[in-house]
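Enquirer: Pasting in a structure now, in structure tokens, and then I'll have a few things to ask.
Nothing in this text is a laboratory measurement; each read-out follows from the coordinates by a stated rule. Computed from a prediction, not measured in an experiment: that's the story for all the values here. Methodologically, a virtual Cβ is constructed for each residue, glycine included, from the backbone with ideal geometry; neighbour enumeration extends over all protein chains shown.
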Amino acid sequence: MILENELIKLRAVEPQDSEMMWLVESDSEQWIQNGMSAPLSRQNLLDYALSYDADPLRAGQIRLIIENKSDNSIIGIVDLFEISPIHRHAFIGIYTMPDLRRKGYALEALKLSEEYAFKLLNIHHIAAKIMADNQPSQRLFKKAGYIFRGEIPDWFLSGSEYKTLSIYSKLIKT
């Protein structure tokens with residue numbers, strides 16, 4: 001499966017992506033953002049790529065690789081997770097390589113992911129869990145039309161400091 005526009009394409013995870021996923025998952029500054037408490041090993045991620053379940057309704061999630069359409073270089077990852085076909089909702093998360101941020105790639109990846117979720121997975125509501133102090137992510141989701149829905153104070157513990165979780169979502173009327 002490949003979803004694309006003029007700038008980027010989203011594609012399924014391949015075994016050769018395991019090294020790039022390891023770099024992303026090893027970014028300790030992002031652990032609090034994605035709920036991790038320890039890094040995954042290269043073998044964990046290779047096993048994931050080799051056993052990748054491409055049926056998001058059965059698996060409850062899908063990871064897509066964001067590629068630059070002009071040179072096929074990897075820009076980042078977008079995840080749809082906690083997919084509920086019954087309630088027609090899902091969460092979305094996105095990671096862009098640090099040197100490729102603020103170039104419009106993440107916004108384009110969100111648009112393609114939403115199109116996929118709404119049209120092919122029959123999702124009605126997509127939400128993002130964002131740390132309240134993650135201003136770049138909040139700006140991205142606001143720019144993409146997501147609405148701030150509320151906060152959960154002291155949701156994540158980072159070192160000795162509690163962090164507030166903000167929820168942004170986008171509702172598609174059918």
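Enquirer: Got a sec to turn the phi values of the range 98-105 into Karplus ³J(HN,Hα) couplings, 6.51 cos²θ - 1.76 cosθ + 1.60 with θ = phi - 60°, whole Hz, x for Gly and Pro?
Expert: Values, residue by residue: x, 6, 10, 6, 6, 10, x, 5 Hz.
Enquirer: How far is it, in nm, from the label point at GLU6 to the one at LEU100 when both lie 7 Å from their Cα along the line to the Cβ?
Expert: For GLU6 paired with LEU100, the spin-label model returns 1.9 nm.
Enquirer: Quick check: residue separation of LEU120 and ALA54 times 0.36 nm, minus the Cα distance between them. What number comes out in nm?
Expert: Length gained, LEU120 through ALA54: 22.4 nm.
Enquirer: I've got another one for you. When the chain is fully extended, how far beyond the present Cα-Cα distance does GLU161 get from ILE86, taking 0.36 nm per residue of separation?
Expert: Taking 0.36 nm per residue and subtracting the Cα distance, the gain is 23.3 nm.
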